[in-house]
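Peer 1: Let me begin by handing over the structure; questions about it come next.
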Amino acid sequence: MTQRASNGNDDQLLAKIDRLRRERRAVILAHNYQLGEVQQVADFCGDSLDLSRKAAATDAEVIVFCGVHFMAETAAILSPQKTVLLPDPRSGCPMADMVDAESLRRARAEHPDAVVVTYVNSTAAVKAESDICCTSANAVQVLESIEPGRPVLFVPDQYLGTHAGRLAGREIIPWPGYCPTHRRIRAADVQQARAAHPCAEVLVHPECRPEVTELADGVLSTGQMIRRVAQSDADTFIIGTELGIIHRMRVENPGKHFVPASEQAICPNMKWNNLEKIARALESNETVVRVEPEIAARARRALERMLEIK
Ligand code: 13P
Ligand code: SF4
């Protein structure tokens, strides 16, 4: 897939990763925002929904998860008998840290009839307090699956919740969380990019502010964006999400042009992993992501309810 300029060191590292991957019966999963060199070595790249399905279905013994902590935790919850490794344990998600289990329990007590829908960008402990999870790819379908008339507490992304609620025709009670990376994309950035590229298709992530999603031709998960740019007849795209995805889009669609909606949309947490750390993770079995079994069992129910939907 995506490449960094190859040199002797990289070739040695790639050969080492391949040997260790075979010896350990491992699979390497990478999110669409990871560095090109990481996507290049991965067995599979995708969005949070694609990756959780892969993690649940793989028969590998070890999953090297190149993404952020909540994604690796989701893999560990769905595949408790497998070893899940996060190559760099600093890979967190600030939005996931905007809600904790205790404050969610308090909110539930204030809204005793509410169904708690939790975005997968959350900790295992928060998922364990939830009725059902969703991702950016299936939030609308998840909301549509909820019994009409029940209030919905949507945690933690206020922007995804409000956007999906509008499409599903459901009023939601939003948690005040957000993604700092996507919040840096401004409506004025999109307007300027459109003025410079009037024929471009504007694709943005639902974690963007509402005034940004309103301007878009498509509001899509990262996996949906990858598929849309491959299928669309347009030759220029303005991309309103984390910049790592553009690298992959350019490699996979050589005749098309990709313009970032904002150069500020970089998630530092997604950039910690690299080839050296993947090799080290496989060699030294670190860092193992573990979820306490009682929490994992409750979180698994919320995740499995989501996976049953679509
Ligand atoms: P996707 O599930 O669309 O890949 O989004 C994950 C994420 O963290 C976006 O910031
Ligand atoms: Fe979290 Fe935002 Fe980074 Fe996605 S881009 S991992 S939501 S901080």
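Peer 1: To the nearest 10 square angstrom, what accessible area does residue 111 show with a 1.4 Å probe?
Peer 2: Result for residue 111: roughly 60 Å² accessible.
Peer 1: Just from its helices, what would the mean residue ellipticity at 222 nm be for the chain, if runs of 4 or more DSSP H residues each count -39500 (n - 2.57) and the sum is divided by every residue, rounded to the nearest 500 deg cm²/dmol?
Peer 2: -12500 deg cm²/dmol
Peer 1: Which whole-Hz couplings ³J(HN,Hα) result when phi for each residue of segment 60-72 is put into the Karplus expression 6.51 cos²θ - 1.76 cosθ + 1.60, θ = phi - 60°, listed in order with x for Gly and Pro?
Peer 2: For segment 60-72, the Karplus-derived couplings read 5, 8, 10, 10, 8, 9, 9, x, 10, 4, 4, 6, 5 Hz, x marking Gly and Pro.
Peer 1: Further question: In whole Hz, with x marking every Gly and Pro, tabulate ³J(HN,Hα) for segment 101-109 from phi via Karplus 6.51 cos²θ - 1.76 cosθ + 1.60, θ = phi - 60°.
Peer 2: The phi angles translate into 4, 5, 5, 5, 4, 5, 5, 4, 5 Hz.
Peer 1: For the chain, compute the number of Lys pairs whose alpha carbons are separated by less than 26 Å, excluding pairs fewer than 8 positions apart on the same chain.
Peer 2: Going through the chain pair by pair, I get 16.
Peer 1: Can you give me the % of accessible surface on segment 63-130 that is carbon or sulfur? Probe 1.4 Å, all protein chains present, nothing else counted.
Peer 2: Answer for segment 63-130 is 48 percent, counting heavy atoms of protein chains only.
Peer 1: Using the Karplus curve 6.51 cos²θ - 1.76 cosθ + 1.60 with θ = phi - 60°, work out ³J(HN,Hα) for each residue of segment 154-164 in order, rounded to whole Hz, and write x for Gly and Pro.
Peer 2: Values per residue, Gly and Pro as x: 10, 10, x, 8, 4, 6, 4, x, 5, 5, 5 Hz.
Peer 1: Another question about this same structure. Could you do me a favour and compute the accessible area per residue for the chain, 1.4 Å probe, result in Å²?
Peer 2: For the chain, the per-residue accessible area is 42 Å².
Peer 1: Under the 0.36 nm per residue contour assumption, what length would be gained going from the current alpha-carbon distance of residue 102 and residue 146 to full extension?
Peer 2: Stretched out fully, the residue 102 to residue 146 stretch lengthens by 13.4 nm.
Peer 1: Give the shape of the chain as rounded, prolate or oblate, defined through the alpha-carbon gyration tensor: a ≥ b ≥ c are the square roots of its eigenvalues, a/c under 1.5 means rounded, and otherwise the shape is prolate if a/b is larger than b/c and oblate if not.
Peer 2: oblate
Peer 1: For residue 237, enumerate residues with amide H under 5 Å from its amide H, sequence gap 5+ or separate chain, H modeled in the peptide plane.
Peer 2: For residue 237, the qualifying residues are 201, 257, 258, 259.
Peer 1: What is the local net charge at residue 182, summed over the other residues whose Cβ is closer than 15 Å to its Cβ (Lys, Arg +1; Asp, Glu -1)?
Peer 2: -4
Peer 1: Whole Å is fine, so just give me how far the alpha carbon centre of segment 82-97 lies from that of segment 146-215.
Peer 2: If we compute the Cα centre of each part, the gap is 25 Å.
The values are calculated or read from the model by the stated rules, or taken from the named source; none is laboratory data. Just so you know, these numbers come straight off a predicted model, no measurement behind them. With ideal geometry, Cβ positions are generated from the backbone for all residues, glycine too; neighbour counts draw on all protein chains shown. These accessible areas exclude ligands, DNA and RNA; they are computed on the full protein's heavy atoms, side chains included. Shrake-Rupley method; radii C 1.70, N 1.55, O 1.52, S 1.80 Å.
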